[in-house]
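Below is one structure; the comments refer to it alone.
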Amino acid sequence: QFTKDEQGLLEMFLGWTAMYTVGCCAYAYGQYTLYRTQSLHPVCHILTAGIALELLCVLFQSLHGVQYASDGVGLEAIQGFAEVSDALSNAVIMVLLVLLAKGWTTSTGGAARPAPDLENGQIASLGAM
């Protein structure tokens, strides 16, 4: 028996697992095409890591939910791995967003260097907080 808070979670995670699996297969085909044409950028590698970690998260959560539905205990270690995978996925996507905000795009090789005055203003405003 699932508690009131956990009602519908198993179906949700099974649905997310199916959606992520189909999406990851399509994404992997696109990545393979970019790899074949030698135009795969490091931004794509970071995005791939984030997506793969999120797929592992929903897969582990689904495995835990199926086991929990059958025996009422579940797989605590798998649920722990799912939570760690989710946290890592969020961290990877946040790093990707910061890199993109700093100017590291797929058309350039690195982040654009800001003007020294702008950088000093950012450091001063962080110090003031």
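For LEU75, list long-range residues whose amide hydrogen, built 1.01 Å from N in the peptide plane, is under 5 Å from its own amide hydrogen.
TYR68
With each label point set 7 Å from Cα along the Cα-Cβ vector, what nm distance links ALA101 and THR48?
Computed distance between label sites ALA101 and THR48 equals 2.6 nm.
Ignoring ligands, DNA and RNA, what percent of the 1.4 Å accessible area of region 1-73 is carbon and sulfur?
After summing per-atom areas, the C and S share lands at 68 percent.
Return the FRET efficiency for the residue pair ALA18, SER39: r is the Cβ-Cβ distance, R0 is 25 Å, and the value is rounded to the nearest 0.05.
Rounded to the nearest 0.05, the efficiency is 0.25.
With contacts defined as alpha carbon pairs under 8 Å and 6 or more residues apart, what's the relative contact order of region 1-71 in percent?
Over region 1-71, the number comes to 59 percent.
The values are calculated or read from the model by the stated rules, or taken from the named source; none is laboratory data. Given the structure is predicted, the values throughout are model-derived calculations rather than measurements. Using ideal geometry, Cβ is built from the backbone for each residue, glycine included, and neighbour counts are taken over all protein chains shown. The area values use the complete protein model at the heavy-atom level, side chains included, leaving out ligands, DNA and RNA. Shrake-Rupley method; radii C 1.70, N 1.55, O 1.52, S 1.80 Å.
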